[in-house]
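The numbers here are math on the coordinates, done by the rules we state, and not lab data. Model, not experiment: these values are computed from the prediction. Counting neighbours? That spans all protein chains shown, and the Cβs are built from the backbone with ideal geometry, glycine included.
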Amino acid sequence: MSKNLSYWQDTVETKSYEALAGNIEINTLVIGGGITGITTAYLLTKLGVDTVVVDAGTLNKNTTAKTTAKITYQHGAIYNDLISKVGEEKALQYLDANRQAITLVKDIIENHNISCDYKTQWAYLYATKENEIEKVMKEKEAYDRLGIPSTITQEIPLPFDIKSAVGVENQGQFHPLKYVYELSNILEKEKCKIYEDTCVLDIEGEKPPFKVVTKKGEIKCQNVVVACHYPFLKDGKHGMYFLRMHQSRSYVLGVRSDVKPFEGMYININDPIYSLRYQFDEKGAILLLGGGNHRTAEKEDERSSYESLEKFFHEYFPNPKIEYAWSNQDCMTLDDIPYIGQMSSNIPGIYVATGFKKWGMTSGTAAAMIISDLIVKGKSDNTDVFFPSRFKVVDSTKNFITNGLEIAESFIMRLLPIHLKELDDVTMGEGKIVEYEGSKIGVYRDENGKYEGIIPNCTHLGCLLKFNRAEKSWDCTCHGSRFDVLGNVIEGPAVRPLKRVEISDTKN
Ligand SMILES: Cc1cc2nc3c(=O)[nH]c(=O)nc-3n(C[C@H](O)[C@H](O)[C@H](O)COP(=O)(O)OP(=O)(O)OC[C@H]3O[C@@H](n4cnc5c(N)ncnc54)[C@H](O)[C@@H]3O)c2cc1C
């Protein structure tokens, strides 16, 4: 079993795209090659807009590559909450946008004959305890108010007892990377360029045309779509998303067992979350179990999330053979509703799509529909509920941000003597923050005893990092940026590597 390689990554034929080389000019730039960015580029290209996609990494190493790929508007138990938080009209907009997204995914697959293991499925939200039945019934009432056809049942094929479940039909599942790569092939044929290994560092300008600064060249454009998962822009004028979003990790196990595979997609109504669905393949079927959720960098030992999923399997699925174990994170907004639309009310021409709270297969597709409409037609349906500027950021927070940056910039590379007593406490294969001459230093000791040191302050806004024991990474305690043990960015919002600390016999 390879750690942190998803079933999708392991079973797709990938292809690579060149990095940008020099400056270009285009009508619309899409930043991010996950499902959101690629679908946006697909729709824009179809509507005749000259579009380019850039990605900091590759198309197969993002959140889309590590999802469970349920395509549903049943995003946990949300509709009762949505109606009470934002009212029936906006709850309907949320539903409608996600329902249209399911139809779009299906249509794209059918129209282009895309082979991506698409299957229409029922989706169920289930309760295992008596005291959860009421919550299921409340969700069912919300479905009725919004006109969602649904069924209450106790008969679902899970290998354990449930008390009640509410099911909705005509949802779906697929292989997300096969889908994204097929879309990227279509884009290529339509002359929409995709550049990998092209990290965007900044967007300059307060009205079109914008100058987008990447590590490989500059892009002049009329519109920018920020579909890069967690927006990396950290100055005051771009909406300060880092003050109103955090990231949450989830874990997935891919397991074959002696239990007869069943159809349908399942998620329970209360924490701890267990999300289940089979992926059918030439070997038979592999069960994907998701759960173990926690805020990034908040769990003492991340390995316990995998352990709780393994325990679940051993309890209910005889002779489980774990073939895959992976984890990833998604962006969570203050009110659990994505931010989709114009990124900041002062700057027309820059759009954002983020905050999908682990439901981006549909929400990312819905975002692509909304943003491509906004660019081409100047308006779209269902925009109010997702309006990105619905929270105001007070002026005093701008000072906090500047201070945060100064702290991060004030660190300098320094040498850490190998004889330091604290280094003995770092177990092989583990990372730890040690104090040296009044500064904190993150030290990782590999399986051969070699040390790697970093300054454990995120290059995004200076927050402290924590060592992730399951993935062997340094994770930001504020916004969820992640770095490998050598300080390279694994995922944003940070775009710059950590400062390294040399650990040697010499003392500076
Ligand atoms: C474990 C798990 C299970 C999930 N299960 C489901 C599910 O069953 N159903 C569902 O609907 N959703 C699910 N989700 C959520 C879903 O996977 C995500 O919401 C979705 O993949 C987000 O897609 P995206 O395109 O917005 O972001 P990503 O797929 O992360 O793509 C963003 C891209 O932007 C690039 N990028 C970042 N910064 C920059 C930069 N500065 N410059 C250039 N490029 C940049 C990255 O390299 C990346 O390729 C799950 C999430 C997790 C973590």
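Dividing the convex hull volume of the alpha carbon atoms of the range 325-371 by its residue count gives 86 Å³ per residue. Each peptide in 205-217, 453-465, 487-499 was scored by the mean count of other Cβ atoms within 10 Å over its residues; highest first, the order is 453-465, 487-499, 205-217.
Database note for the chain: Cys without another Cys beta carbon under 4.7 angstrom, Cys116, Cys192, Cys199, Cys221, Cys228, Cys331. In this structure, the residue pairs whose Cα-Cα separation is over 24 Å, taken from Lys90/Lys357; Lys46/Lys358; Lys135/Lys321; Lys119/Lys377; Lys90/Lys135; Lys129/Lys311, are Lys46/Lys358; Lys135/Lys321; Lys119/Lys377.
The overall shape of the range 405-504, judged from the alpha-carbon gyration tensor, is oblate: a/c is not under 1.5, and a/b is no greater than b/c. Dipole magnitude for the range 204-301: computed about the Cα centre from +1 point charges on Lys and Arg Cβ and -1 point charges on Asp and Glu Cβ, it is near 440 debye. Quick check: from the Cα gyration tensor, does the range 203-347 come out rounded (a/c under 1.5), prolate or oblate? It is prolate, given that a/c is not under 1.5 and a/b is the larger ratio. Let me know the shape class of the range 172-224, please: from the alpha-carbon gyration tensor, a ≥ b ≥ c as square roots of the eigenvalues, rounded when a/c is under 1.5, otherwise prolate if a/b is greater than b/c, or oblate. Note, shape of the range 172-224 comes out prolate.
Between the range 18-36 and the range 451-469, the C-alpha centres lie 29 angstrom from each other. Separation of the alpha carbons by more than 19 angstrom is noted, of Lys140/Lys163; Lys215/Lys472; Lys432/Lys466; Lys421/Lys450, for Lys215/Lys472. For the chain, with the dipole built from +1 on Lys and Arg beta-carbon atoms and -1 on Asp and Glu ones, taken about the Cα centre, which of Ile102, Leu47, Gly217 lies farthest toward the positive end? Of the listed residues, the answer is Gly217. Dividing the summed -39500 (n - 2.57) terms of all DSSP H runs of n ≥ 4 by the residue count of the chain sets its mean residue ellipticity at 222 nm at -8000 deg cm²/dmol.
Relative contact order for the chain using alpha-carbon pairs under 8 Å, separation at least 6, rounded to a whole percent?
RCO, the chain: 17 percent.
Calculated FRET efficiency, Glu307 and Leu201, Cβ-Cβ r, R0 45 Å, to nearest 0.05? The formula returns an efficiency of 0.70 here. For the range 24-390, pairs of C-alpha atoms spaced more than 34 angstrom apart make up 26 percent of the total. The distance separating the Cα centre of the range 303-374 from that of the range 113-180 comes to 18 Å.
Under a Cβ-Cβ cut-off of 10 Å, what is the net charge of the residues other than Tyr195 that fall near it, where Lys and Arg count +1 and Asp and Glu count -1?
-2
Each Cα pair of the range 466-508 feeds into the Kirkwood radius, which the Stokes-Einstein equation turns, at 4 °C and 1.567 mPa s, into a diffusion coefficient of 116 µm²/s.
Expected output is a single nm value to one decimal: the length gained when fully extending between Lys237 and Asp424, i.e. 0.36 nm times separation in residues minus the C-alpha distance. What is it?
Values: separation 187, 0.36 × 187 = 67.32 nm, distance 4.60 nm.
Once the chain is fully extended between Lys237 and Asp424, it gains 62.7 nm.
Note on Trp122, Trp8, Trp359: ascending count of other Cβ atoms within 10 Å places them as Trp122, Trp359, Trp8, the fewest first. Antiparallel DSSP bridges in the chain: what percent, to the nearest 5? Percent antiparallel among DSSP bridges in the chain is about 75. Think of each Lys and Arg Cβ as +1 and each Asp and Glu Cβ as -1; about the Cα centre, that makes the dipole of the chain roughly 620 debye. Pairs of Cα atoms nearer than 8 Å and 6+ residues apart set the relative contact order; for the range 405-504 it is 27 percent.
Taking the average, over residues, of other Cβ atoms within 10 Å as the packing measure, peptides 319-326, 254-261, 74-81 rank 74-81, 319-326, 254-261 from highest down. Taken over the range 20-75, the alpha-carbon convex hull comes to 95 cubic angstrom per residue.
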